[in-house]
Every structure is written in structure tokens, then in C-alpha cells.
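The values are calculated or read from the model by the stated rules, or taken from the named source; none is laboratory data. Computed from a predicted model, the values in this text were never measured in an experiment. Here Cβ is always computed from backbone atoms with ideal geometry, including for glycine, and neighbour counts include all displayed protein chains.
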Ligand code: BES
Ligand code: MN
Ligand code: ZN
């Protein structure tokens with residue numbers, strides 16, 4: 001697993017700056033005031049910082065921009081990075097600064113000397129998340145990032161405030177590694193094996209195999225996986241940190257690769273479908289975070305792990321299959337497979353656990369990317385209170401989420417001539433008809449949100465907190481939602 005950069009915390013001491021090795025970063029306020037670290041560096045470099053600040057480039061630099069002074073005389077380090085910061089940074093700005101340092105910081109030891117910098121923990125958090133790199137399949141040895149040494153006024157306080165974040169970073173990295181992993185490595189079997197690793201943290205993990213899924217009647221899920229040599233599985237992860245109350249349920253789409261099946265996708269871009277288990281990846285990451293921080297809540301995570309392949313044994317367009325719930329589905333398009341997987345897992349989650357609420361995550365539709373792009377996820381819900389709590393948690397974590405509409409008229413598009421419903425409702429409003437399909441498998445009275453993360457699970461250009469590739473979108477928001485709603489924090 002990719003580990004977050006190692007961090008050491010030290011009290012700020014101007015006397016040791018001259019001897020710091022690797023790269024040294026000092027914040028300088030946009031208004032021009034030098035903190036104790038910048039003052040010392042300025043003195044050691046014979047006004048190097050002051051001269052830098054007199055340039056047009058500095059004047060034009062945005063908050064978070066880093067200007068480097070290479071091999072500065074008077075200092076042992078290879079470069080001093082002067083980063084522009086506002087006097088009173090907002091949380092978003094502190095994160096922007098941390099991310100910028102991660103981006104500019106290169107490999108090897110990095111020291112950030114930030115005495116007097118408010119929100120140092122937000123800076124470190126962003127730096128950590130942005131410094132993620134997926135290098136498992138790079139052959140050439142790579143110099144690792146860090147260690148990061150943080151010099152602040154009160155290192156113990158900062159370390160304390162960051163303690164819950166260690167669990168979050170570890171969960172986010174777990175999700176990103178799963179999502180970045182190619183499908184020949186992350187088969188359904190390997191995915192289940194990695195989830196079983198959560199047992200070490202106190203999570204109860206059960207793996208339901210095909211014969212069991214057959215017995216339970218999860219024929220929709222099995223219909224998706226039947227063309228693949230990888231066996232379909234449902235993994236149930238239980239974290240019981242709360243009292244006697246029923247759990248909250250997180251359900252994830254775990255299609256380890258989506259060729260589309262017999263309704264095959266075009267070749268261009270098909271390699272992206274290695275991230276079609278993104279929903280399951282987020283559920284796994286949240287479970288890891290909850291366990292690491294010993295959350296005082298009962299949460300059950302369920303993921304449907306399948307591979308959607310064409311073969312002589314694959315489901316055909318037009319096949320009619322009975323769900324675990326009992327309703328029949330005419331599978332018009334085998335590429336609309338995520339909803340089939342989720343329908344059975346959602347039903348199973350409700351039958352077995354009577355959850356107090358359910359959130360499912362899925363890279364469900366290309367249509368949500370048309371609607372919202374790669375910036376924010378689409379949220380569909382039958383419960384305003386849960387949807388608003390989710391929106392608030394996502395906002396607080398800087399993870400964008402936007403509520404989408406639902407309604408009878410969309411549901412009507414799923415009417416089938418031969419079965420109880422079709423699995424597609426036409427091209428128009430495709431994300432909404434997909435959500436309506438899922439809603440048919442939610443019992444009345446169960447608060448539910450479906451989050452379509454097709455646009456945000458993995459991206460082609462860097463975001464503030466993630467390099468391109470898997471983002472781990474949602475781990476922080478869901479962790480916070482559970483903390484806010486079930487742990488009274
Ligand atoms: N996994 C895809 C959705 C997707 C598209 C995720 C792009 C990430 C990026 C899903 O299984 C799918 O194929 N959806 C179809 C549904 C259609 C056949 C009704 C789609 O969106 O085209
Ligand atoms: Mn598909
Ligand atoms: Zn899919």
C-alpha cells in the first residue's frame with residue numbers, strides 16, 4: 001500500500017535553519033511581513049528573501065506559489081522555497097499552500113519552517129494528500145518523497161490536531177491504490193483479499209462466494225459477472241464501534257473492469273474502465289478510516305465485486321433476469337451493469353441489516369459527466385435530511401456534491417414490454433433514470449442517497465488534493481458525515 005509521507009514535528013529554532021538538508025520552505029506573507037524563519041533565511045542569504053520580494057514575479061505570484069532560491073550561500077540546503085501566503089489564510093487557502101508545496105517539493109527531505117502560521121494542520125493535510133504517487137508498477141527505483149519535517153511553534157499541538165487525519169489519509173490512499181490498480185492485478189479475488197486485510201484493524205470481513213450469492217438469489221449481480229473467469233463476490237465489512245443501534249450502510253459498485261459486456265464499449269478510452277470499482281474503493285477507504293480512528297459508530301460496508309466481460313457465457317441483450325428482491329429485469333444493454341450489481345447488494349443490505357440509512361457510491365453513468373464534468377459528484381436521494389447532511393459534510397471537506405432531481409416521469413422510462421422493468425431508460429436524463437432504477441430496490445422509509453462518482457473517482461488532470469488518476473473522492477466527506485451524524489461530534 002502507498003504510505004503517506006513520514007512527518008516529524010519539531011519546535012521552530014532559527015539556529016538550526018542553516019544546517020537543514022534537502023529543501024527548505026518558508027512562508028512569506030503577501031503583505032510582506034517576514035516570520036522568524038524567513039527573517040533568519042533572509043539574514044543568512046544576505047537579503048536573498050528581501051531581494052526576491054522586490055521582483056515583479058513575486059508581486060504577481062498567487063497565494064501558494066513557491067519561488068525557489070537554488071543552492072543558497074550560507075545554507076546547507078539545496079534550495080529555499082519562498083511560498084506566498086495570506087496573513088490570515090482560510091482553510092481552503094491553507095490547503096492550497098500545502099498542495100503547492102507538495103507539487104514543488106520534489107523528492108527527498110523537505111522541511112517546512114512555519115512558525116506563527118495558522119492552520120498548519122490543514123497545510124500538512126493537503127501536502128500529504130497531494131504528495132501521493134502510485135509507483136507500484138514503476139520498475140526503476142524512485143527516490144521517495146520526504147521525510148517531511150515540520151517546524152512550528154507548538155509541535156505537540158499540531159501533531160495532536162493531525163492525529164485523526166492520519167486515519168483519513170490512510171483511508172484515502174487505500175482507495176486511490178485500489179482505483180489506480182489495473183484490472184489484471186485487481187481481480188475480484190485480489191480485491192476481496194485486500195479487503196480481508198482490514199481484519200487486522202478490527203473490521204469483521206465476510207466474503208460471499210458465487211454459490212452463496214446464488215442461494216440468496218442475487219441473479220442480477222451474477223448475470224453481470226457470468227461472462228468473466230473471475231468469480232463474482234460480495235464482501236461485507238462491519239465496523240461495530242457504536243452501541244446496540246442498527247448500522248448505517250455504505251454500498252459500493254465494484255466492477256473491476258467494464259468492457260460493456262456483449263453491448264461492448266468502443267476501444268477508445270476503454271482502459272479507463274479499470275476505475276469502475278471506484279464506488280467499492282471509496283467504501284473500502286471509509287471502512288479503513290473508521291477502523292483506524294476507532295469511530296464510535298456502527299457502519300456496514302458492502303461491495304459487489306464483478307467483472308463485466310463478453311463471452312459465450314455472457315448475459316445477452318434481451319435476457320430477463322430475476323433480482324433478489326423478486327422483480328424481473330429485461331437487460332436491454334449489458335453496459336448498464338452497475339445498477340444490476342447495486343440492486344441486489346442494496347436489497348441484501350436492507351434485508352440483512354435493517355440499516356438506519358444507506359449511501360451507495362458508483363461510477364454509474366457517463367451522463368453524470370456530461371451534466372457535472374469532473375468537478376463534482378451527483379447526489380440522488382429520497383430523503384432531504386440525509387442529502388443535506390451529506391452536502392454539508394462534502395462542503396466542509398471541499399469535496400463537491402450536487403443534488404440531482406428524481407421523479408415519477410423518469411421512473412416511467414424503465415417500463416418493459418416483457419419484464420417488470422428494463423435496465424435502461426434511454427439516453428436522455430441517463431443519470432436520473434439510473435438512479436430511479438436503484439430507487440426501486442430501496443424500501444419505503446429507508447433514507448438513501450446514491451452518489452454517482454463517474455466524473456470524480458479518477459481524473460485526467462491534477463486537483464488541489466490529488467495528482468491525476470484516482471482521487472479518493474468521498475472518503476473524507478463520508479467519514480465526516482458519519483462523525484457528525486452518528487458520533488455527536
Ligand atoms: N461504468 C460506466 C459509466 C462510466 C462512464 C463510468 C464513464 C466512468 C466513466 C457504466 O457502467 C456504463 O457503461 N454506463 C452506461 C449506461 C448506458 C448503457 C445506459 C453509460 O453511461 O453510457
Ligand atoms: Mn457499463
Ligand atoms: Zn460500469
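Whether a residue is touching a helix residue (DSSP H, G or I) at 6+ places or on another chain (Cβ under 9 Å), free of Cβ contacts under 8 Å to residues at least 40 places away in the same chain and crowded, with 16+ Cβ neighbours inside 10 Å was assessed, and residue 430 does not pass this test.
Using the structure shown, decide if residue 441 is within 23 Å of residue 284 (Cβ to Cβ), part of a loop (DSSP other than H, G, I, E, B) and either in the same structural domain as residue 220 (by TED's automatic domain parsing) or in contact (Cβ under 8 Å) with a residue 12 or more places away in the chain (or both). Spelling it out, residue 441 is indeed within 23 Å of residue 284 (Cβ to Cβ), part of a loop (DSSP other than H, G, I, E, B) and either in the same structural domain as residue 220 (by TED's automatic domain parsing) or in contact (Cβ under 8 Å) with a residue 12 or more places away in the chain (or both).
Of all residues in the stretch 68-108, which are assigned to a strand (DSSP E or B) and surrounded by 18 or more Cβ atoms within 10 Å (Cβ to Cβ)? Steps first, answer last, please.
The first filter runs over the stretch 68-108 and keeps only residues assigned to a strand (DSSP E or B), leaving 68-70, 79-85, 108.
69, 79, 80, 81, 82, 83, 84, 85, listed by residue number.
Mind listing just one residue for me: the one in the stretch 388-425 that is in a loop (DSSP other than H, G, I, E, B) and within 16 Å of ligand 2 (Cβ to nearest atom) and, of those, surrounded by the most Cβ atoms within 10 Å (Cβ to Cβ)? Lay out the reasoning, then the answer.
From the stretch 388-425, those in a loop (DSSP other than H, G, I, E, B) are 397-400, 404-407, 415-420, 423-425; that's our starting set.
After this cut, where a residue has to be within 16 Å of ligand 2 (Cβ to nearest atom) as well, the list is 423-425.
Working: 423: 27, 424: 21, 425: 22.
Checked the stretch 388-425; the qualifying residue surrounded by the most Cβ atoms within 10 Å (Cβ to Cβ) is 423.
For the stretch 452-463, the set of residues classified as more than 14 Å from residue 133 (Cα to Cα) and in contact with a helix residue (DSSP H, G or I) (Cβ under 8 Å, 6 or more places away or on another chain) consists of 452, 453, 454, 455, 457, listed by residue number.
Find the residue count for the stretch 322-340, including only residues that are within 13 Å of ligand 2 (Cβ to nearest atom) and within 30 Å of the chain's Cα centre (by Cα). Residues flagged as within 13 Å of ligand 2 (Cβ to nearest atom) and within 30 Å of the chain's Cα centre (by Cα) within the stretch 322-340 amount to 8.
Give me a count of the residues in the stretch 239-256 that are assigned to a strand (DSSP E or B) and buried (at least 18 other Cβ atoms within 10 Å of the Cβ).
Here is the first cut: in the stretch 239-256, the residues assigned to a strand (DSSP E or B) are 239-240, 248-256.
Narrowing further to those that are buried (at least 18 other Cβ atoms within 10 Å of the Cβ): 239, 248-256.
Matching residues across the stretch 239-256 total 10.
Any residue that is part of a strand (DSSP E or B) and closer than 21 Å to residue 188 by Cβ - is there at least one of those in the stretch 257-268? Break it down stepwise before answering.
Of the residues in the stretch 257-268, the ones part of a strand (DSSP E or B) are 257-258.
Next cut, closer than 21 Å to residue 188 by Cβ only: 257-258.
Yes: the stretch 257-268 contains one or more residues that are part of a strand (DSSP E or B) and closer than 21 Å to residue 188 by Cβ.
If residue 369 satisfies every condition in (1) part of a helix (DSSP H, G or I); (2) crowded, with 20+ Cβ neighbours inside 10 Å; (3) within 16 Å of ligand 2 (Cβ to nearest atom) but one, which is the exception? Of the numbered conditions (1) part of a helix (DSSP H, G or I); (2) crowded, with 20+ Cβ neighbours inside 10 Å; (3) within 16 Å of ligand 2 (Cβ to nearest atom), the odd one out for residue 369 is (2). In the stretch 239-260, how many residues are away from ligand 2 (no atom under 16 Å from the Cβ) and more than 20 Å from the chain's Cα centre (by Cα)? Summing the residues that are away from ligand 2 (no atom under 16 Å from the Cβ) and more than 20 Å from the chain's Cα centre (by Cα) in the stretch 239-260 gives 8. Filtering the stretch 274-306 to residues that are within 16 Å of ligand 1 (Cβ to nearest atom) and either in contact with a helix residue (DSSP H, G or I) (Cβ under 6 Å, 6 or more places away or on another chain) or assigned to a helix (DSSP H, G or I) (or both) leaves 274, 275, 278, 279, 280, 281, 282, 303, 304, 305, 306. What about residue 336, is it within 16 Å of ligand 1 (Cβ to nearest atom), touching a helix residue (DSSP H, G or I) at 6+ places or on another chain (Cβ under 8 Å), over 23 Å from residue 285 (Cβ atoms) and outside any strand (DSSP E or B)? So residue 336 fits the description; yes. Does the stretch 261-275 contain any residue that is closer than 24 Å to residue 229 by Cα and more than 16 Å from ligand 2 (Cβ to nearest atom)? Checked against the condition, which is being closer than 24 Å to residue 229 by Cα and more than 16 Å from ligand 2 (Cβ to nearest atom), the stretch 261-275 yields no hits at all.
For every residue, the table says whether it meets (1) closer than 19 Å to residue 438 by Cα; (2) in contact (Cβ under 8 Å) with a residue 12 or more places away in the chain.
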{"position": "225", "(1), (2)": "yes, yes"}
{"position": "228", "(1), (2)": "no, yes"}
{"position": "234", "(1), (2)": "yes, yes"}
{"position": "238", "(1), (2)": "no, yes"}
{"position": "245", "(1), (2)": "no, yes"}
{"position": "253", "(1), (2)": "yes, yes"}
{"position": "261", "(1), (2)": "no, yes"}
{"position": "268", "(1), (2)": "no, no"}
{"position": "271", "(1), (2)": "no, no"}
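When 401, 389, 419, 393 are screened for being within 21 Å of residue 279 (Cβ to Cβ), away from ligand 3 (no atom under 16 Å from the Cβ) and in contact with a strand residue (DSSP E or B) (Cβ under 6 Å, 6 or more places away or on another chain), only 401 passes. The residues on offer are 208, 216, 220, and the sole one that is touching a strand residue (DSSP E or B) at 6+ places or on another chain (Cβ under 9 Å), within 16 Å of ligand 3 (Cβ to nearest atom) and modelled with pLDDT of 95 or more is 220.
If you go through the stretch 292-312 one residue at a time, do you hit one that is touching a residue at least 60 places away in the same chain (Cβ under 8 Å), surrounded by fewer than 19 Cβ atoms within 10 Å (Cβ to Cβ), within 13 Å of ligand 2 (Cβ to nearest atom) and farther than 22 Å from residue 350 by Cα? Yes, that holds for at least one residue.
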